[in-house]
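Computed from the coordinates by the stated procedures, all read-outs in this text should not be read as laboratory data. Owing to the predicted nature of the structure, the values given are computational and were not obtained by experimental measurement. Neighbour counts are summed over all protein chains in view; Cβ atoms, including those assigned to glycine, are modelled from backbone coordinates with ideal geometry.
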Amino acid sequence: MVTLFGIPTQALFGQLLLGLINGSFYALLSLGLAVIFGMLNVINFAHGALYMVGAFAAWLLMQHFGIGYWPALLLAPLLVGLFGVVLEKTMLSRLYKLDHLYGLLLTFGVALILEGAFRHWYGASGQPYPIPDALRGGQNLGFMFLPNYRGWVIVASLITCLGTWYAIERTRLGAYLRAATENPTLVQAFGINVPVMVTLTYGFGVALAGLAGVLAAPIYQVNPLMGSNLIVVVFAVVVIGGMGSILGAIVTGLGLGLLEGLAKVVYPEASNIVVFVVMAIVLLIKPAGLFGRER
Amino acid sequence: MRSILLAGTALATLASGAAHAQMSDNVIKIGMLSDRSGIYADINGEGSAIAARLAAEEFGNAVNGTKVEIIVGDHQNKADIAANLARQWIDTEKVDVVADVPNSAAALAVQVITRDKKRLFLMSGPGSTDLTGKECSPYGFHWTWDNHAVASATARALVEQGRKSWYFLTADYAFGHSLEAEAASTLKEIGGTVKGGVRHPLGTSDFSSFLLQAQSSGAQVVGFANAGGDTINAVKQASEFGLPQGGQTMAALLLNINDVHALGLPIAQGLTLANSFYWDMTDETRAWSKRFEERTGRKPSMNQAGVYSSVKHYLKAVQEAGTDDPDKVAAKMRGMPVNDMMMKDVRIADNGRVMNHMYLLQVKTPAESKHPWDYFKVLKDIPGDQAYIDPKKSGCPLVK
């Protein structure tokens, strides 16, 4: 058997591919966080909880209205985004004048309330969500069995990530957004409604979390605690990539997924902490993150 | 004559005074210490408190005229919080008995405190065999199941079906290690083999890489030595990666009816497991489970049924002994067989192990399931003497 780093290449390729799949989730979630932080300067601690709400929204749509996976892929992020808009309008927008910490505390509180409420209503062991019929089964790639659904997750999240990057970095709307974060007063003077833009940005950022939730529902259990398991890693990803850097969030998300996949073959017990080891090293050497710039 | 009357009155006064003194503080206080917010909140949690209340209600919430009070606490799966709460309950709230306590680490911590402070401890949820082994206590009673009972019953059943080579996916903490060790020692005893295993961190959401390793091991059985959310995710993803289709048998060494409910039958079907209670077995279990469901909206887990059984047996012992003195009640509990909707004439061994039956169950297919919660087929009834470690070999110093 051919080996690389003392690991059979077959196992290595398999693990790297799986790492890429997990990385897709990290990328999608950290992208939303990066957009929100970049535009609003808010550290959105409710991101994990909103990812969970996205998964639950898909489950509730199926349970109560018979709405399947494909429509839910659009509807659930919309609902989560709408929730985000209300949250921003009624609460977050009051805190912009204050220290960052207040936004963090508010969103942390929102996360606790959401998780507690869903646990109370639907229990701690979670609800099943089936894989859509069109994506059942899998492909034998020779080195591993790849479930079709996992392949779809990579494709869907890459499209979303690249689309978001393009919209913000390469379009006129994105240019307004970036300008508004640099100097809101000036941009407003040009006749652009900055508060509405900020609200919509927050709504879009959390809708991305909702989308990740729907993508995750068939793989993991739809569980009130699914977000809190993931959010810590995602924050580490954002810190490593550089707070607010969109490209950084995408590249780091995928890269750390790969690294985690590697750790699972070499030393599985460490797979949960390898991300944080990297974070510590990056913070020591380049405190602004790999793609961040000093402010 | 007068002096005799006087003496009689005096005696009667003394006697009645003594009778009052029998119940420590005019209330029998049961402390339900549980995971009320984490991964075990569905299989114990508030459902356990309700099960205890159902038991107390059968006595009219009072024993020999003394009120029964039930209080609850959340140990959050942390042994130090469990220990602090238990200590505080016993010292300041005058709790007579601590019950429930899922999570072996929490239960081991509470066992030490209840042993030191001479308070009764009724466990239904922790799995460690140490609780009736080297850490046993004259006041500690282990109801419902333990790691040996669930793991060895499942391993034995599968080897008997010719599924001899195993690969373990084990949660990397004391509970997972012990569950794996119990299964592995049974395999060794009856001619099975262990082809390997991998340890995953507690609370892993993605099992794909571990499953890939299990898949390439070529073992006939993949044994999940974990619990709750970990097991649910592992089983769900195993089916996604086509392990069952590839001819490998999934064995969840610890599975509850709530886990099956969460997985759904299309994925859980065919799993073999061992439980000491299933709601749909006799008229009595069905009637009790109906009462439980009316309060909670779901069927009871074996842990919750065990809480009912243990609290009922405790109250019965207090009634018979006419006191809540821990030593006398413990002796009474050991002296009489456990009899309720869950257990029939079950004895309690000297190490505190309740020697109840275990049932080997198999999850039904969606076609076999006729109504909600119709999940299990009973394959085999395993008497307590075969299910549990022989108390003489448990390592408990209380067994002579």
Output field shielding_mean for A:117-125 (other chain Cβ, 10 Å radius) holds 6
Taking A:LYS97 as the anchor, which lysines have their alpha carbon closer than 18 Å to its alpha carbon, excluding any fewer than eight residues away along the same chain?
-> A:LYS89
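Could you size up the charge dipole of the range A:3-285 around its Cα centre, putting +1 on the beta carbon of Lys and Arg and -1 on that of Asp and Glu, and report it in debye to the nearest 20?
280 debye
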Using the structure shown, list the pairs from B:LYS94/B:LYS392; B:LYS118/B:LYS380; B:LYS195/B:LYS380; B:LYS312/B:LYS380 with a Cα-Cα distance above 31 Å, or answer none.
-> B:LYS94/B:LYS392; B:LYS118/B:LYS380
Across A:243-250, the residue-averaged tally of Cβ atoms belonging to other chains within 10 Å stands at 0
Taking the simple approach of a point 7 Å from Cα along Cα-to-Cβ for both A:ASN148 and B:ARG347, what is their distance in nm?
-> 5.9 nm
Among B:GLN319, B:ALA184, A:PRO268, the residue whose Cα sits farthest towards the positive end of the charge dipole of the protein assembly as shown, when +1 is placed on the Cβ of each Lys and Arg and -1 on the Cβ of each Asp and Glu, is A:PRO268
Find the eigenvalues of the gyration tensor of the Cα atoms of the protein assembly as shown, then list the square roots of 5 times those eigenvalues as equivalent ellipsoid semi-axes, largest first, in whole angstrom.
-> 51, 32, 22
Sorting B:GLY196, B:ALA234, B:TYR388 by the position of each Cα along the dipole of chain B (Lys, Arg +1; Asp, Glu -1; all at Cβ), the one nearest the positive end of that ordering is B:TYR388
Relative to the longest principal axis of chain A, what angle (0 to 90°, nearest 10) does the C-alpha long axis of helix A:148-170 take?
-> 30 degrees
Listed with the fewest Cβ neighbours within 10 Å leading, A:ARG136, B:ARG119 appear as A:ARG136, B:ARG119
Taking the Cβ of each residue in B:PHE59, B:PHE207, A:PHE83 as the centre, tally the other Cβ atoms inside 10 Å and list the residues starting with the fewest.
-> B:PHE59, A:PHE83, B:PHE207
Run the dipole for the protein assembly as shown about the Cα centre, Lys and Arg Cβ at +1, Asp and Glu Cβ at -1, nothing else charged, and hand back the magnitude in debye, nearest 20.
-> 300 debye
Beta bridges by DSSP in chain B, antiparallel share as percent, to the nearest 5 = 25 percent
In what order do B:HIS148, A:HIS100 fall by count of nearby beta-carbon atoms within 10 Å, going from fewest to most?
-> A:HIS100, B:HIS148
Taking every eigenvalue of the Cα gyration tensor of the range A:3-285, multiplying by 5 and rooting it, what semi-axes result, largest first, whole Å?
-> 31, 23, 18
With an 8 Å cut-off on Cα pairs and a minimum separation of 6 or more residues, tell me the relative contact order of chain B in percent.
-> 18 percent
Which percent of Cα pairs goes in each bin when the distances of the range B:103-207 are cut into 5 angstrom slices starting at zero?
-> 2, 12, 20, 18, 16, 14, 9, 5, 2, 0
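Roughly what percent of Cα-Cα pairs across the range B:268-400 reach past 20 Å?
Cα-Cα pairs in the range B:268-400 separated by more than 20 Å: 53 percent.
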Mind putting a number on the dipole of the range B:108-225 about its Cα centre? Charges go on the C-beta only, +1 for Lys and Arg and -1 for Asp and Glu, and I need it in Debye to the nearest 20.
-> 200 debye
In nm, to one decimal, how far is the modelled label at A:ARG136 from the one at A:ILE67, with both set 7 Å along Cα→Cβ?
-> 2.4 nm
Out of B:LEU361, B:LEU212, B:LEU169, a Gaussian network model of chain B with alpha-carbon springs under 10 Å gives the largest mean-square fluctuation to B:LEU212
Which of the cysteines found in the protein assembly as shown have nothing to pair with, since no other Cys Cβ lies under 4.7 Å from theirs?
-> A:CYS161
For helix B:302-321, what angle does its Cα long axis make with the longest principal axis of chain B, in degrees from 0 to 90 and rounded to 10?
-> 20 degrees
